[in-house]
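Engineer: Below you'll find the structure I mean.
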Amino acid sequence: MASYIESSLSRDESVKEIFTLHWFAWMPVITWAILGLPTLGLTLIIAIYQGLSLKYLEQGLTNKRVILKKGIVSRRTDEIKLRSIETVEIDQGILGRIFGFGTVKVTGRGTSRLDFKNIDDPMRVKREIESVSSPIE
C-alpha cells in the first residue's frame, strides 16, 4: 500500500525526503505500556492509540512541497508549497540536543505553519528543506 505522500504526487513531482521520527518519540508509548501492568491494562489503550498515531504519521519533502499527514483512520494533511516557504526554524530542548532530535518549524506566507515534531537530526532536515526550496523560478 502506497503512503499518502507517494499517492498524492502531482505530475513531475517526486519525493525528495521522508522525515523519520527519532526513537525518543516512542518513549511515551513505552511508558504508557509499562504503566498498563499496575493499572490492569487501562493505560494500554492510551499506549496503543499513541503508537498507532506515530505509526501512521507521515512527514516529507517533495520537489514542490512539504507535507505533514496525521490520522489513523481519518486523515488530516497540511502542506506548504516550496515557493511559499518564508522560514525554517529548529526548536531543540536539552534532551533534543543530547539525543539528536527536535522540532522543525516551517512557516509559509500568511498564517500557514507546519511543525515536524520529534524529528531525527533536525539540522539535516532544515538543510534539505532549504536546499530544495531555494528559488526555483
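Engineer: Would you tally the residues in the range 29-46 being assigned to a loop (DSSP other than H, G, I, E, B), closer than 28 Å to R76 by Cβ and either in contact (Cβ under 8 Å) with a residue 40 or more places away in the chain or out of contact with any Ser or Thr (no Cβ under 7 Å at 6 or more places or on another chain) (or both)?
Structural biologist: We begin by selecting, within the range 29-46, every residue assigned to a loop (DSSP other than H, G, I, E, B); these are 36-43.
Of the ones still in play, those that are also closer than 28 Å to R76 by Cβ are 36, 42-43.
After this cut, where a residue has to be either in contact (Cβ under 8 Å) with a residue 40 or more places away in the chain or out of contact with any Ser or Thr (no Cβ under 7 Å at 6 or more places or on another chain) (or both) as well, the list is 42-43.
Summing the residues that are assigned to a loop (DSSP other than H, G, I, E, B), closer than 28 Å to R76 by Cβ and either in contact (Cβ under 8 Å) with a residue 40 or more places away in the chain or out of contact with any Ser or Thr (no Cβ under 7 Å at 6 or more places or on another chain) (or both) in the range 29-46 gives 2.
Yes/no matrix, rows are residues, columns are (1) outside any strand (DSSP E or B); (2) farther than 19 Å from F19 by Cβ:
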position	(1), (2)
I48	yes, yes
S74	yes, yes
D115	no, no
R124	yes, no
S131	yes, no
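Engineer: Could you check the range 61-72 and list, in sequence order, the residues that are among the charged types (D, E, K, R) and either in a loop (DSSP other than H, G, I, E, B) or surrounded by fewer than 21 Cβ atoms within 10 Å (Cβ to Cβ) (or both)?
Structural biologist: Within the range 61-72, the subset among the charged types (D, E, K, R) is 64-65, 69-70.
Result: K64, K69, K70.
Engineer: Please find, within the range 95-113, the residue that is surrounded by the most Cβ atoms within 10 Å (Cβ to Cβ) out of those that are aliphatic (A, V, I, L, M) and part of a helix (DSSP H, G or I).
Structural biologist: First, the residues of the range 95-113 that are aliphatic (A, V, I, L, M): 95, 98, 104, 106.
So of that shortlist, the ones also part of a helix (DSSP H, G or I) come out as 95, 98.
Working: L95: 12, I98: 10.
Per the stated criteria, the residue is L95.
Engineer: While we're here: If you check L35 against the conditions, is it surrounded by fewer than 17 Cβ atoms within 10 Å (Cβ to Cβ), aliphatic (A, V, I, L, M), over 21 Å from V132 (Cα atoms) and in contact with a Gly (Cβ under 8 Å, 6 or more places away or on another chain)?
Structural biologist: Numbers: surrounded by fewer than 17 Cβ atoms within 10 Å (Cβ to Cβ): yes; aliphatic (A, V, I, L, M): yes; over 21 Å from V132 (Cα atoms): yes; in contact with a Gly (Cβ under 8 Å, 6 or more places away or on another chain): no.
Considered against the rule, which asks whether it is surrounded by fewer than 17 Cβ atoms within 10 Å (Cβ to Cβ), aliphatic (A, V, I, L, M), over 21 Å from V132 (Cα atoms) and in contact with a Gly (Cβ under 8 Å, 6 or more places away or on another chain), L35 comes out as no.
Engineer: Just checking, how many residues over the range 87-125 are basic (K, R), touching an Asp or Glu at 6+ places or on another chain (Cβ under 8 Å) and modelled with pLDDT of 95 or more? Lay out the reasoning, then the answer.
Structural biologist: Narrowing the range 87-125 to residues basic (K, R): 97, 105, 109, 113, 117, 124.
Remaining after also requiring touching an Asp or Glu at 6+ places or on another chain (Cβ under 8 Å): 105, 109.
Filter once more, so that each one left must be modelled with pLDDT of 95 or more: 105.
Residues that pass the stated criteria total 1.
Engineer: Given (1) under 16 Å from D120 (Cα atoms); (2) under 12 Å from the mean Cα position of the chain (by Cα); (3) free of Cβ contacts under 8 Å to residues at least 24 places away in the same chain, where does R97 come up short, assuming only one miss?
Structural biologist: R97 satisfies all of (1) under 16 Å from D120 (Cα atoms); (2) under 12 Å from the mean Cα position of the chain (by Cα); (3) free of Cβ contacts under 8 Å to residues at least 24 places away in the same chain except (2).
Engineer: Same structure, new question: Which one is surrounded by the most Cβ atoms within 10 Å (Cβ to Cβ), of the residues in the range 76-94 that are touching a residue at least 40 places away in the same chain (Cβ under 8 Å) and part of a helix (DSSP H, G or I)? Lay out the reasoning, then the answer.
Structural biologist: First, pick out the residues of the range 76-94 that are touching a residue at least 40 places away in the same chain (Cβ under 8 Å): 77, 82-83, 85, 88.
Pick out the ones that are also part of a helix (DSSP H, G or I) and you get 82-83.
Working: L82: 21, R83: 13.
So, considering only residues that are touching a residue at least 40 places away in the same chain (Cβ under 8 Å) and part of a helix (DSSP H, G or I), the one surrounded by the most Cβ atoms within 10 Å (Cβ to Cβ) is L82.
The values are calculated or read from the model by the stated rules, or taken from the named source; none is laboratory data. Keep in mind the model is a prediction, meaning the values are calculated, not measured. So basically every Cβ, Gly included, is an ideal-geometry build from the backbone, and we count neighbours across all protein chains shown.
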